[in-house]
Every structure is written in C-alpha cells, then in structure tokens.
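Asks: Just dropping this structure here.
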Amino acid sequence: MPILRTDTIAPTFTGSKKSRLFPLILVTSLFFLWGLAYGLLDVLNKHFQQTLEITKQRSTLLQAAYFGAYFLMAIPAGNLIKRWGYKNGIIIGLALYALGAFLFFPSAIMESFFFFLLSLLVLASGLTFLETAANPYITILGDQKTSAFRLNLSQSFNGVGSFIGPIIGAQFFFSNDSDSQNLDSVKYVYLIMGFIVLFIAGLFSMTVLPEIKDGASRSEASLKKLFSRSHFKWAVVAQFFCVAAQVGGAALFINYCTETGSGMSNENASYLLSAGLLLFTIGRFTGTALMSVIAPNKVLAIYAIVNVALSCVVAFLAGNVGVYSLVAIFFFNSVMFPTIFALGVNDLGPHTKTASSFIIMAIVGGAIVPYVMGSFQSTALAYTVLIVCYIVIAVFAITGYVVKKVVDENNS
C-alpha cells in the first residue's frame, strides 16, 4: 500500500511511554460519557412521543439537534483546540456537556419539546469538543501503526456507556405507567449526569496531560492540500453514512420492535435495545482483537457486507426475525466509526487536527437520515436506507481507504 510521506511533519508525543498511561485512561473515560448520552437519546424518542404527544418523525428531531451540533461546532471546536490545546478543548467540552444536562431540568418543568432540543444542542456541542479532541489524541498518543487498534479499544468504552443508557431509560422512563406519562425521571437523570460530568472536568483541570506537537513544516497545512488526500475525502463520506446508519437504526428501534414484534412493550424494547448495544460493546472488544491480526480495512469491509444482508432482512422480512437481525446489526456496527476515523487521518501529519474536524462534521449524517427514515409510513421499509449506507462503507473499506502516494510533499 502506498504510504504518504510524513517525515518532518507527523505529530509527535513529547513524553515517555509511562506518562501516556493515565492520560489514556482519563481520555478513555470521555468515550464512556458520550456513549451514555447517546444511549439515553434513543429511549427519549419513544418517551417523548408519549409524554409530549409528538409524532414519530418529529421525535427524530432529537437526533437532528444532537448530531446537528457536530456539524455546526466541529470546525469551531477544531480551531479552538488547535489554538488552546487538547486539554482546554476537553474541559470546554465537559463544561458544555454539563450545562446541557442541567438545562434538561427547566425543560422538563416547562414540558417544552423545543427547549429539550435546545438543551440537547448545548450538550451535544460539548460532545463535539470531546470527540474532536479525544479521537485524534488517542490515535497519535503512540505508534501510528497501532492507531486503529488504540482508538477501537478506547471506543469500546463508548459502547459500555451506550449499553448502560437504555437500561437507565427503561428503568426510569418506562418502568411503570406514571413514569411513562411525566418528565420527572428525565430531569433527575440528567441532573445527576451533569454533576458527574463536572466531577470529570475537575479531574482534567488538575491533571497534566502530555503535549502532542505537530512536527516542523514549512507552512500551515491548507485545505487544498488536505482535500487532495483521496482517502480523507472518502473517510468523510463513509463517516456520514456510517453515523447515518448507526443513528437511524437505533432511533426507530423501539418503534420497530413494538410494531413488528409480538406484542412487545416499550420497556422490553428498551431492554432489547440495551442488548443490542451490549453486542455493540462486545463487537468493539472482539473487533479490536481481530485488528491485531487482520488489517482494519478488511474487518471493516466484512462487517459492512454482513450489515447489508442483515438490513435487507430487517426491511423486508420484519417480524421477530427482523427484530433479531436488527439487534445483530449493532454487533457489526461496532468497529465502523473508529476504524473509518483512524483510516481517514492516517499519515496526514499537520493536517490531522483539521481533518479530525471535517470527519467529526460528517456525523451530521445522524441528524439528517433519522428524519428521512421517520417520514416512511412503514417503519420496516424505512430500514432500506441502511442498505445504501452500508454499501458506501464497504466501498470505502475495499478501495477508498488507500493512501495515495504524494511525490513531493515538502514542495507542495
């Protein structure tokens, strides 16, 4: 495979291997926190359909607000991180996360879906800072050859948070009829989350994080140079469809189960969603292990092709077979986001931070596609959208990921 020249321009770590350990642990905790926020999101869809009496399509505006924030804030977050460093970017992100969580309290008192959307927008703006900082920080805090392995390992804890989120939602939002008809549980769950996030922010403020410095280069990396890297452009497209598939598949999960499963309740569907996210978490760990012996792009290609087949079953067979196929999709979703990210920023040198911002912006797929899926009268047929998404990811994994050789990087 052709390799981009990175001599004199690759980001370098200025500390020792020993000094990486605690920062890696601390940064990995961020993956858990935004996994928890995402795990609760899909349960809120169905809960708000009942408590606020909104339509299925309108409830997907939660995903639009959540993932739309990534599109709006990714470039500003990347610029601030570039200027102020990873640590300050992470602290800003945690502060916004906590603020958004606290805003759920007055939103619940007002019983306003609009204010819930604003609260979620603030919270997700914080997550944008965290993802823009943490993803590239993990990839370059060590050997570039093991960056995909390292990122998948850290992202595994994102899966743990996502798994716990629906369990909390099922327990507090759907455990009895009274919980299903009011918003008290929502405001208290998010209030507690806000305090936990503030505590983590305090830990970061007291911890010395090692510096990651871009190596010397003759000029600031331009957007023109960045977008000349075909593997990066492919990664942006693939990430758009990756997040679109993951979010779209989960956003209408409870609706799909209650409509096509044999008399399944909202609570049981929430637990089944948690089971799917548990498979997602297991898939992260097993996928990470596979990548130690199989090239990451090959694992990604196999998983994408399997999900094309499973999506066909979900869309056209429905019933319990469709439900269990939908649960299985989560397992094969597991390695997609971090692997696309790692392959997309591979060998970009000083372009890495800027590239990270654009790949994070591609998360806007999670804002657009669920709304499109919500417009389908049949929830089952809405899942035909996922077939297209996984085909695009498979193409990226087979050919789009390849780093094209640059003949003379220093003179470009």
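Asks: If you scan segment 302-354, which residues turn out to be open to solvent by 20 Å² or more (accessible area, probe 1.4 Å), polar (S, T, N, Q) and assigned to a loop (DSSP other than H, G, I, E, B)?
Replies: Scanning segment 302-354 gives a single hit, N346.
Asks: What is the number of the single condition among (1) open to solvent by 10 Å² or more (accessible area, probe 1.4 Å); (2) of a type outside the set (S, T, Y); (3) at pLDDT below 95; (4) over 29 Å from S230 (Cα atoms) that P296 does not meet?
Replies: Evaluating P296 over (1) open to solvent by 10 Å² or more (accessible area, probe 1.4 Å); (2) of a type outside the set (S, T, Y); (3) at pLDDT below 95; (4) over 29 Å from S230 (Cα atoms) leaves (4) as the failure.
Asks: Among G344, G322, which is out of contact with any Cys (no Cβ under 8 Å at 6 or more places or on another chain), within 30 Å of S222 (Cα to Cα) and of a type in the set (G, A, S)?
Replies: Values: G322 fails: within 30 Å of S222 (Cα to Cα).
Criteria check complete, one pass: G344.
Asks: Then there's this: Might you let me know whether segment 391-410 holds any residue that is surrounded by fewer than 24 Cβ atoms within 10 Å (Cβ to Cβ) and of a type in the set (S, T, N, Q)?
Replies: Yes, some residue in segment 391-410 is surrounded by fewer than 24 Cβ atoms within 10 Å (Cβ to Cβ) and of a type in the set (S, T, N, Q).
Asks: So which pairs qualify, if the first residue must be in segment 258-281 and part of a helix (DSSP H, G or I) and crowded, with 19+ Cβ neighbours inside 10 Å, the second must be among the hydroxyl-bearing types (S, T, Y) and at pLDDT 85 or above, the Cβ gap must be under 7 Å, and the two must be at least 6 apart or on different chains?
Replies: Here the result reads N266/T258; A269/T258; F280/S334, each pair linking segment 258-281 to a residue that is among the hydroxyl-bearing types (S, T, Y) and at pLDDT 85 or above.
Asks: Which one of these does L103 not meet: (1) modelled with pLDDT under 90; (2) surrounded by 17 or more Cβ atoms within 10 Å (Cβ to Cβ); (3) within 14 Å of L183 (Cβ to Cβ); (4) not basic (K, R)?
Replies: (1)
Asks: Can you run down the residue pairs with Cβ atoms below 6 Å, 6 or more apart or on separate chains, where the first is in segment 376-404 and farther than 16 Å from F332 by Cβ and the partner is among the charged types (D, E, K, R)?
Replies: From residues that are farther than 16 Å from F332 by Cβ, the pairs are T379/E259; V403/D347.
The values are calculated or read from the model by the stated rules, or taken from the named source; none is laboratory data. In this text the structure is predicted, and so the values were computed from the model without any measurement. Quick reminder, even Gly has a Cβ in these numbers, built from the backbone with ideal geometry, and neighbours come from all protein chains shown. Only protein heavy atoms, including side chains, enter the accessible area calculation; ligands, DNA and RNA are left aside. Shrake-Rupley method; radii C 1.70, N 1.55, O 1.52, S 1.80 Å.
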